[in-house]
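Student: Submitted below is the structure of interest, expressed as C-alpha cells.
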Amino acid sequence: MPENYRNDVVVLTSAMHMLMKFGDIQNAERIFRSNTKKDIISYNVLINGYNLNGESSKCFKILEEMSREGIVPNEITWNILIGACSQIGMIHRCEYVIDRIPLDIQNNRQIQNSLIDMWGKCGSVEKAQIAFKSIDDRDTVTYSAMINAFGLNGMGSEAIQLYKQMPNHLRDEVSHICVLNACSHSGLLHEARN
C-alpha cells in the first residue's frame, strides 16, 4: 500500500472490509491493529467481518476493547452484535449484550426486529413475542421474523395464525416462505397447501 494511504482511515477500513469479504481475517486484523485513527466504522467493519466469517465469539472481545478505548457503539454495532448472538445461540450472551444496549437504541424497530430473530434462533419464543408485542409500527420484517421464530421452534400453528393476522399489504415473498417453512418444520402439509 502506498505510504500516503497508510494512515487514511477510510482506505484502511475499506481494505479491512474487502479482506473480510474474502475471508482473510488475519490481514484484516493486521490492518486494524496498524490503524492509529480507529473510529466506530473501523470497529463495525471488524465485528461484522468476524460475524461473516463464523468467528462471532470474537465480536464480544472487540466490544470490550471498544469500551476500554472509549468508542461508543452505535445502532449498527448493536445490530451486528445481535447477529453474532443469533449465530452462537447462547442465551446468557444475548442477555449480556441486550443489557448494554441503550434504551433509545433498543426501542428502534430495526433493533427490535433483530431481537425477535435472535430470540427465535436461541429458542426463546416468549422473549421473541415480548419484542414483537413491543413494536407499535410493525412492518413486513417484524412479522416475518416472528413467523420464522415460531417455525424454528416447531410452532407451525402459531406461525399460520400470525400470518393470517398480518395485514395483506405487508405480506410478501419472504413472509410467505417463512410460513411455509414453519408448516414444513411442524408437519402441517395440509395447512401449507392452503
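The values are calculated or read from the model by the stated rules, or taken from the named source; none is laboratory data. Since the model is a prediction, treat every value here as computed from it, not as a measurement. Note: ideal-geometry Cβ built from the backbone for every residue, glycine included; neighbour counts use all protein chains shown.
Student: For region 22-97, please list each of the helices (runs of 4 or more DSSP H) lying entirely inside it that holds at least 1 residues being among the aromatic types (F, W, Y) and farther than 27 Å from I116 by Cα.
Tutor: Those helices (runs of 4 or more DSSP H) span 25-34.
Student: Just to check your reading of the model, which residue among G89, G70 is under 13 Å from the mean Cα position of the chain (by Cα) and surrounded by fewer than 20 Cβ atoms within 10 Å (Cβ to Cβ)?
Tutor: G89 is the lone residue from the list that is under 13 Å from the mean Cα position of the chain (by Cα) and surrounded by fewer than 20 Cβ atoms within 10 Å (Cβ to Cβ).
Student: Which numbered condition in (1) loosely packed, with under 14 Cβ neighbours inside 10 Å; (2) at pLDDT 95 or above; (3) over 23 Å from M20 (Cα atoms) is the only one that R100 fails?
Tutor: (2)
Student: Among the residues of region 166-180, write down those that are of a type in the set (S, T, N, Q) and free of Cβ contacts under 8 Å to residues at least 24 places away in the same chain.
Tutor: Across region 166-180, the qualifying residue is only N168.
One line per residue, one yes/no per condition, for (1) part of a loop (DSSP other than H, G, I, E, B); (2) closer than 19 Å to M118 by Cα:
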{"position": "I135", "(1), (2)": "yes, yes"}
{"position": "R138", "(1), (2)": "yes, yes"}
{"position": "A145", "(1), (2)": "no, yes"}
{"position": "N148", "(1), (2)": "no, yes"}
{"position": "S157", "(1), (2)": "no, no"}
{"position": "K164", "(1), (2)": "no, no"}
{"position": "C183", "(1), (2)": "no, no"}
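Student: If I ask for residues that are in contact with a helix residue (DSSP H, G or I) (Cβ under 9 Å, 6 or more places away or on another chain) and surrounded by fewer than 17 Cβ atoms within 10 Å (Cβ to Cβ), which ones from region 109-135 would you list?
Tutor: R109, Q110, G123, E126, I130, S134
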